[in-house]
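Undergrad: Pasting in a structure now, in structure tokens, and then I'll have a few things to ask.
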Amino acid sequence: MSILKVLWCWRIIGVLVSGLMVGPIAFAGETIVAVATNFTEAAKEIARHFEQETNHTAALSFGSTGQIYTQITQAAPFEVFLAADQARPAKAEKQGYAVTGSRFTYAIGELVLWSKDLSLANGMEVLTANQFNKIAIANPNFAPYGAAAVQAMKTLNVYETLAPKIVQGNNIAQTYQFAVTGNAELGFVASSQLINQDQGSRWIIPTNYYDAIRQDAVLLTRGAEDEASQTFLAFLKSPTARAVIKQYGYGVSK
Amino acid sequence: MWQTILLTIELAVITTIVLLIIGTPLAWWLARSRAWWKEALATVVALPLVLPPTVLGFYLLIALGPSGPGGWIARQFGGQTLAFTFEGLVIGSVIYSMPFVVQPIRNAFEAFGDRPLEVAATLRASPLDTFFTVALPLARPGFLTGAVLGFAHTVGEFGVVLMIGGNIPGETKVLSIAIYDYVETLQWDQAHLLAGGMLIFAFIVILAMMTIEKRLGRVTP
């Protein structure tokens, strides 16, 4: 068996598989929206209302904020960016990837400590008592909920002692997955993820323990002249959208 | 950074050794057995070739977790899960890289046919003796291909580690994850350094592989 043969078979499989996948293609009346993972469910519902109330449709693409930003700098076909933080939309604006002045806060995230175990996540005592093996957070280097989790632990003076027990999810969805499968007994997640979760225990972190997770939306240069994209951003400020955002466990500004 | 590189090499070395130990008898059986279900087993071994790493990672996360066999093993050592551990990564890598090791060895075992083994038997070599003194040396190119591919594939592994690793420095943070982190945080200088290194590594491995394979191909009958 030659190595070339192995690689060749592998290659053919790869081509066959990738041939089946077709990326989103914009047509009239459609906007392509890049959405931060934590906002997935809310965004789907907003897109449904958007399609009913306007003549446009929204194609949603989910990913971590950092990942989406990198893709935008490499000419990804996104027209609207719903980030999990303020930094990346601001940076996009500054670097010329987004329309200046189009940026606004569409949601304010809420950090929750969740456990599959009914008796575990019932307050700050669980963190100070330290009677568990692993605690999951999103990667604090690029996920805002992860950074907020670190900040909350530092406020409670438990970060140093808990640091060896921290495992990092690549994004907030994976962090939740670590906690749901019980691989980590505790996880700092977004309250939006727990909308359909009535099991387990949870402690909503007091908002004075961490800086508000303000999530900004921005119109990207590709969507600057696109009617559907502009309409989508305006729709995000509508009472309908704001009601959905609140319903999914976020705060809205003013 | 060196910690990450060393950890990656350590993972790849251990995985390759484990794979050679498990893979050799498996490949031998697949090459010589006449059992009707042997191709079904061969298919199971080959599955990671087509399954996305997310599928494997998802099953592994559950299997290694508190309600799976991995959790049971972890409890014997006072833990509660094998996810987020180096051992867990070895298990994942062994499964994920298995086809790259088993397939070339099996092909090598099949390539020389029954004849050399029959000749050895007529010279009164025991089956075990035949295996070690005839079959293994004849299959040398297959072992080399398998070991190198298994090693290289483990170094390049990403999806499975991302799903079960938890990004712990010195324990589960391997090169591909570090590169991903650097790209995510826009530290492109470091990303370029590591990514470029991986590119050169892959090129050298495959080039060396093909050169050695050609040379070995000339000396083996």
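The values are calculated or read from the model by the stated rules, or taken from the named source; none is laboratory data. All of these numbers come straight from a predicted model, not from anything done at the bench. Neighbour counts run over all protein chains shown; Cβ positions are idealised from the backbone, glycine included.
Undergrad: State yes or no: is B:GLU110 more than 30 Å from A:THR175 (Cα to Cα) and at pLDDT 90 or above?
TA: Judged against the criteria, B:GLU110 is a match.
Undergrad: Then there is this: Would it be correct to say that B:MET198 is at pLDDT below 85, part of a helix (DSSP H, G or I) and either surrounded by 14 or more Cβ atoms within 10 Å (Cβ to Cβ) or among the acidic types (Asp, Glu) (or both)? Break it down into steps so the answer makes sense when it comes.
TA: Values: at pLDDT below 85: no; part of a helix (DSSP H, G or I): yes; either surrounded by 14 or more Cβ atoms within 10 Å (Cβ to Cβ) or among the acidic types (Asp, Glu) (or both): yes.
Here the answer is no, as B:MET198 does not meet what is asked.
Undergrad: Do any helices (runs of 4 or more DSSP H) lying entirely in the stretch B:87-190 carry at least 1 residues that are buried (at least 21 other Cβ atoms within 10 Å of the Cβ) and out of contact with any Pro (no Cβ under 7 Å at 6 or more places or on another chain), and which ones are they?
TA: Numbers: elements: B:115-122, B:127-130, B:140-155, B:159-164, B:175-184.
Fully inside the stretch B:87-190 and qualifying: B:140-155, B:159-164, B:175-184.
Undergrad: Now, a different point. Determine whether A:GLN177 is more than 12 Å from the chain's Cα centre (by Cα), modelled with pLDDT under 90 and not hydrophobic (A, V, I, L, M, F, W, C). Steps first, please.
TA: On the way: more than 12 Å from the chain's Cα centre (by Cα): yes; modelled with pLDDT under 90: no; not hydrophobic (A, V, I, L, M, F, W, C): yes.
So A:GLN177 does not fit the description; no.
Undergrad: I would also like to ask the following. List the pairs whose first member sits in the stretch B:136-149 and is touching a residue at least 40 places away in the same chain (Cβ under 8 Å), whose second member is surrounded by 24 or more Cβ atoms within 10 Å (Cβ to Cβ) and of a type in the set (S, T, N, Q), and whose Cβ atoms are under 7 Å apart, counting only residues at least 6 apart or on separate chains?
TA: These pairs meet every condition: B:ALA147/B:THR16.
Undergrad: Can I ask one more? Can you pull out every residue in the stretch A:84-105 that is part of a helix (DSSP H, G or I), touching a helix residue (DSSP H, G or I) at 6+ places or on another chain (Cβ under 9 Å) and surrounded by fewer than 20 Cβ atoms within 10 Å (Cβ to Cβ)? Explain how you work it out, then say what you get.
TA: Taking the stretch A:84-105 and keeping what is part of a helix (DSSP H, G or I), we get A:87-94.
The next check asks that each one be touching a helix residue (DSSP H, G or I) at 6+ places or on another chain (Cβ under 9 Å); those that pass are A:87-89, A:91-92.
If the condition is that a residue be part of a helix (DSSP H, G or I), touching a helix residue (DSSP H, G or I) at 6+ places or on another chain (Cβ under 9 Å) and surrounded by fewer than 20 Cβ atoms within 10 Å (Cβ to Cβ), then A:ALA87, A:LYS91 are the ones that fit.
Undergrad: Another one. Select the helices (runs of 4 or more DSSP H) contained entirely in the stretch A:123-233, then report the ones holding at least 3 residues which are without any contact (Cβ under 8 Å) to a residue 60 or more places away in the chain and surrounded by 21 or more Cβ atoms within 10 Å (Cβ to Cβ). Spell out how you get there, then give the answer.
TA: Values: elements: A:125-129, A:144-155, A:159-162, A:172-180.
Here the list reads A:144-155, A:172-180.
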